[in-house]
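Asks: Below you will find the structure I want to go over with you.
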Amino acid sequence: MGRGPGSLLDFQTTFADEEACIEYLAARRWPDGFACPKCGSNDAWRLAARPLWECRGCGRQTSVTAGTLMAKTKLPLRVWFWAAHLMSTHSNGVSALQLRHQPGLSYPAAWLLEAKLRRAMVNPGRAKLQGLVEIDQAEIHCREAEPSPEIGGRQGMITVIGAVEVVDRETGGPPKWSYNKKLLDTRPQRIRLQVIPNNEAATIEAFVQANVEPGSVILTDGHASYGRLQALGYRHDPKVAGLMAAHLVLPWVHRAFALLKRWGLGVYHGLRRKYVQTYLDEYCFRFNRRYWRSVSFEKILNITAAQQPLYRHEIIGSSPRNYATGKARRSAKLASETADLARKPRLEPLPETSL
Ligand SMILES: [Zn+2]
């Protein structure tokens with residue numbers, strides 16, 4: 001089987017049943033054939049109608065989901081695949097609220113499924129941005145009113161720093177740049193977004209060093225916290241505010257923030273502070289692969305298969321939530337959100353010309 005399925009029809013044909021999903025996953029987990037994790041033997045037989053392989057040498061049984069994000073899942077693989085398909089191919093992703101309309105999937109199960117897949121969306125070995133990069137900060141609204149000590153920021157707001165790699169529309173390479181030169185015919189390539197606790201220089205510099213290749217040109221506004229970028233090995237071009245509106249001098253990072261805000265409100269009805277970084281990761285993942293949506297489906301599953309298992313209590317960082325309490329409140333909220341969804345027009349996909 002080649003690339004992941006592009007359309008809904010492709011998806012339904014390719015993954016018609018559980019067996020097709022098991023085969024797909026097995027081919028990706030064991031591209032050179034099954035190898036027993038205990039004794040290394042390649043000689044194994046598949047247990048009938050189950051995703052289990054039994055080693056003929058030592059008798060150990062290995063599940064195709066063992067050691068992955070899907071370990072010990074109670075959900076059919078087809079549901080996982082369906083969620084990964086939606087999250088990678090929908091231009092705006094999909095919220096747990098929408099997913100729960102799948103047969104047999106409760107809201108908590110859908111939420112957890114998405115939370116796990118979202119953690120497969122950061123490739124630990126990803127390359128840093130390079131060439132010409134716009135960097136700026138923004139405050140976005142979050143759902144909770146209380147400020148959180150580990151994230152900081154104003155009440156009801158989260159501070160986010162963003163970096164956008166800008167390329168020449170014609171060549172796809174870095175635009176010809178010199179100080180104070182106006183850049184024409186550019187487009188954004190890859191982006192990075194991160195929640196930051198404050199706007200101090202050390203915070204900003206840590207983000208830049210983690211995300212941008214030294215030697216790159218960095219365009220920013222005149223914020224004092226960018227003052228040492230030159231000393232850190234970057235070519236820094238601060239566009240001092242006042243002469244031109246910020247969205248004119250840093251157009252792409254501003255566009256990214258604008259779309260992020262719309263997306264957060266449109267799909268998730270406001271981002272939650274506690275998990276906001278994973279939503280930012282999801283946004284970046286989909287943005288950076290916006291021309292290769294069918295490939296990103298496979299990417300999620302590939303990365304997923306290489307991840308360690310991740311359990312619910314690790315995601316929420318505390319003892320399991322009691323879903324029975326506040327049930328009435330939540331169902332009222334869900335009803336109103338569902339009504340909202342029905343009313344709201346779907347956001348357009350990101351056309352190359354607008355972003
Ligand atoms: Zn064995």
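Any read-out appearing in this document is the output of simple, stated calculations on the displayed coordinates, not a laboratory observation. The structure displayed is predicted, hence computed values, not measured ones. In this analysis, Cβ positions are derived from the backbone assuming ideal geometry, glycine residues included, and neighbour counts consider all displayed protein chains.
Asks: Read phi for every residue in the stretch 221-230 and hand back ³J(HN,Hα) as whole Hz from Karplus 6.51 cos²θ - 1.76 cosθ + 1.60, θ = phi - 60°, with x for Gly and Pro.
Replies: With coefficients 6.51, -1.76 and 1.60, one gets 7, x, 3, 4, 5, 8, x, 9, 4, 4 Hz.
Asks: So what is the orientation-averaged projected area of the stretch 132-261, using the convex hull of its C-alpha atoms, in nm²?
Replies: So the Cα hull casts an average projection of 8.0 nm².
Asks: Give me, ordered by chain and number, the residues 5 or more places off Met157 or on other chains with an amide H under 5 Å from its own placed amide H.
Replies: Those lying under 5 Å, H to H, from Met157 are Cys142.
Asks: Among Lys182/Lys261; Lys176/Lys239; Lys116/Lys274; Lys239/Lys274; Lys128/Lys181, which pairs are too far apart, with a Cα-Cα distance over 23 Å?
Replies: Pairs exceeding the cut-off: Lys182/Lys261; Lys239/Lys274; Lys128/Lys181.
Asks: Which net charge results for the neighbourhood of His236, defined as the other residues with beta-carbon distances under 13 angstrom from its beta-carbon, given Lys and Arg at +1 and Asp and Glu at -1?
Replies: My count for the surroundings of His236 gives -1.
Asks: By count of other Cβ within 10 Å, fewest leading, how are Ser178, Ser41, Ser88, Ser63 ordered?
Replies: Taking fewest neighbouring Cβ atoms as first place, the list is Ser178, Ser41, Ser63, Ser88.
Asks: Also, quick follow-up: Can you sort His254, His141 from fewest to most other Cβ atoms within 10 Å of each residue's own Cβ?
Replies: Listed from fewest to most nearby Cβ atoms, that is His141, His254.
Asks: 7 Å from Cα along Cα→Cβ at both Lys176 and Cys39: what's the point-to-point distance in nm?
Replies: Output for this residue pair reads 6.8 nm.
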